[in-house]
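Written out below as structure tokens is the structure these notes cover.
The values are calculated or read from the model by the stated rules, or taken from the named source; none is laboratory data. Note that this is a predicted model, so its numbers are computed, not measured. All Cβ positions, even for glycine, are placed from backbone atoms using ideal geometry, and neighbour counts span all protein chains on display.
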Amino acid sequence: MSAGNDGGMRAVAVNMLGVVEHPSLGDTPYRVDADGRPYLPVGDGGLVLGVRLGDPVSAVAGDHAAPGACLVHPEPAARHALVSYGCIGNPAEVRTGRAAGARGTVLGKRGEDGRLITAFRQEDLARLRPGDQVTVRASGQGWRHPGVPPGVVVMNAGPGLLGALPVSWPGHGPLTVGVRMILPSRLAGNGIGRPAAAWDLDLQLAAGDSDAGDGVPHGADVLLLGDLAAVSDLDARHNMGYRRDWLTVGVVVHGSSPLPGHGPGLTPILTGPGSALAAAADINGHIGLTESALGLQ
Amino acid sequence: MNVTTNDPRLVRQVLTGEVWPPLADRHVYRTGPDGQAFALPGMGGMTLGVHCGDPATGYASDHLEPGASVRHRDPGANMALQFLTCVGNAVRVASGPAAGAVGHVIGQHAYVLVDFAGPVAEQVTTGDAVTVTAVGQGLALPDHPAIVVKNCAPGLLAGMPGGTRPDGRLEVHVAARIPAEAAGAGAGMVSEYANTDLMGAYAGLGEDLSLGLEGLRVGDIVAVADADHRFGRGYRPGFLTIGVISTGQCMLFGHGPGPSSLMSGPADAFALVDDPDANLASWLHGDAEPGL
């Protein structure tokens, strides 16, 4: 059996159309932060310039700002499919507009109405405009990734993605993943109770001088876009929810948010019991998903 | 509760809604914690046989909404109904065989949830109109400026035990204390709408899913640790949120019985008293006057 097969079942790739999102606001400009202060959300979806993999999640004064272009589809059911089937590492190509022909990569996803986050070179992003069409070659859901022990479920990961990340399995014992930090499940915010194949999980990390509690330090200041992070006692196989001695690892795909219960977003890629999946935190030296690994430099 | 409020300044407004039907789709099934498919009633309609004081869990149900689940047909009017209606508000049946009967709001869950006495509930069905006398948003406690009160009828507050202590803290009686790890779906949403599902209350399922919350009852007043619900719903060490359990048994993973938010502020602004009688049934459904 070769990689990509599962019990004799061949994995399938699908070309799907996404449209670069235009941000959308209601008839009041303000949202309300955790201390009751109004703020105007900037960068919440749509096409964001100058925010890049490797930037601290709290580097810009944005709200859920993602490094690149968010893709959507005008038909809600098609939008959910785009987000559910698109996987990190899948190739994307611009079909219309001044950036036609530019190639990028799926970086992650956001939940609720659904957004597929795609990374492009900055010069290509600068030629894109909302409404431009992008085709995504979606594959990964249902893929059997090589080098993953039984009990660990992989999701939202395109073929080959795990090989570009600090993931190792010696053939016995748990799969070990290098991460920036391991967070307790009480920091799981928006996205908890939602299906991990189509949502991200916002991490309720404090920025600045605040402390997330119990020794979790200054999370939003050291966590970088593209980092891997682990959440303990979290099972993401179906909906995301509390399960003791379970671990979920994901990619940090968007930046901080002033909204209570929100924060930098984690797109889950690996989930399993502690006996099969382990995380090794390296708060200073960790290298996660980078522009060079995605061929964007 | 022995506490000074701004009750005389509160505005009472008459709102309408209707008992909303349960909703399903053609794929029928949803997914439990272990991947088990289920098709179970609980949300929407007029759910019978579960009232304040009854166990919240232990039913073959998902997102159990005790009593009537009420919405308004117009989207904007519905948000007004959901945001302005408070726990303890009186609700009068306005059509159908139970017209004239009065019940009380026990919480929010993207529906306004209304508990009626059993014989009344048996006569109410989907589509019946109800009239809500909404009062409570804007309620403030001048002696406790750090505490934000919401979704709480002034009459409910008056009926609860506790109040301002000599040391300046607000004494609140609670039936259960909830660890921060339990906060599930609802995190990140506004706190005037729906509620916070509590994980760790999956009666009958795995021990590794339990946070010891299987004993919650509908109507219990609870304290959620490290939760700041003043302007939304988020994790915040050193804060506390008081809520009322308004929904019950869930099979959907990451969901569970949920408190509707009533008060939130720094933990040191509160003095909690563990009291098994801290339940809406103790104050709302005896001889309580309509119009709380």
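Determine whether the stretch B:35-51 contains at least one residue that is free of Cβ contacts under 8 Å to residues at least 40 places away in the same chain and touching a strand residue (DSSP E or B) at 6+ places or on another chain (Cβ under 6 Å). Looking through the stretch B:35-51, none of the residues is free of Cβ contacts under 8 Å to residues at least 40 places away in the same chain and touching a strand residue (DSSP E or B) at 6+ places or on another chain (Cβ under 6 Å). Residues satisfying the criterion are absent from the stretch B:63-75 (criterion: in contact with a His (Cβ under 7 Å, 6 or more places away or on another chain), over 27 Å from B:M251 (Cα atoms) and not polar (S, T, N, Q)). Just checking, how many residues over the stretch B:24-42 are on the phi > 0 side of the Ramachandran plot and away from chain A (no Cβ under 13 Å)? Looking only at that region, the number is 2. Taken as a whole, the stretch A:90-104 holds no residue that is within 14 Å of chain B (Cβ to nearest Cβ), small (G, A, S) and more than 24 Å from A:N156 (Cβ to Cβ).
State yes or no: is B:A187 under 19 Å from A:P258 (Cα atoms), facing another protein chain (nearest Cβ under 8 Å), touching a residue at least 24 places away in the same chain (Cβ under 8 Å) and among the hydrophobic types (A, V, I, L, M, F, W, C)? For B:A187, the condition - under 19 Å from A:P258 (Cα atoms), facing another protein chain (nearest Cβ under 8 Å), touching a residue at least 24 places away in the same chain (Cβ under 8 Å) and among the hydrophobic types (A, V, I, L, M, F, W, C) - is met. Of everything in the stretch B:190-221 that is touching a Leu at 6+ places or on another chain (Cβ under 7 Å) and more than 8 Å from chain A (Cβ to nearest Cβ), the residue that is nearest to B:G159 (Cα to Cα) is B:G219. Just one of the listed residues (A:Q141, A:Q122) is closer than 30 Å to A:G261 by Cα and either within 14 Å of chain B (Cβ to nearest Cβ) or polar (S, T, N, Q) (or both), and it is A:Q141. Of the strands (runs of 3 or more DSSP E) entirely within the stretch B:37-113, those holding at least 1 residues that are more than 19 Å from B:Q137 (Cβ to Cβ) and among the polar types (S, T, N, Q) occupy B:67-71.
Over 20 Å from B:S261 (Cβ atoms), in contact with a Ser or Thr (Cβ under 9 Å, 6 or more places away or on another chain) and in contact (Cβ under 8 Å) with a residue 40 or more places away in the chain: is that true of B:G32 in this structure? No: the conditions fail for B:G32. Pairs linking a residue in the stretch B:86-112 that is over 18 Å from B:V222 (Cβ atoms) to a residue that is basic (K, R), with Cβ atoms under 7 Å and 6 or more positions apart or on different chains, are B:G100/B:R92; B:V102/B:R92; B:Y111/B:R71. Residues considered: A:E112, A:E123, A:E93. Of these, the only one that is without any contact (Cβ under 8 Å) to a residue 24 or more places away in the chain and over 12 Å from the mean Cα position of the chain (by Cα) is A:E123.
Entry remark, the stretch A:167-179: residues being surrounded by fewer than 17 Cβ atoms within 10 Å (Cβ to Cβ) and touching a residue at least 60 places away in the same chain (Cβ under 8 Å) number 1 in total. Against the test of being within 26 Å of B:S191 (Cα to Cα) and either within 13 Å of chain B (Cβ to nearest Cβ) or at pLDDT 95 or above (or both), the options A:S257, A:S232, A:S275 yield a single qualifying residue, A:S257.
On the given criteria, is B:M1 more than 23 Å from B:E122 (Cα to Cα), away from every other protein chain (no Cβ under 14 Å), in contact with a strand residue (DSSP E or B) (Cβ under 6 Å, 6 or more places away or on another chain) and of a type outside the set (V, I, T)? Yes. The criterion of at least 3 residues that are buried (at least 23 other Cβ atoms within 10 Å of the Cβ) is met, among strands (runs of 3 or more DSSP E) falling completely within the stretch A:63-164, by A:69-72, A:103-110, A:115-119, A:133-138. When the stretch A:14-61 is filtered for residues that are away from every other protein chain (no Cβ under 14 Å), assigned to a loop (DSSP other than H, G, I, E, B), at pLDDT 95 or above and buried (at least 16 other Cβ atoms within 10 Å of the Cβ), the ones remaining, listed by number, are A:E21, A:G43, A:G45, A:G46, A:V48, A:V51, A:R52, A:L53, A:G54, A:D55, A:V57.
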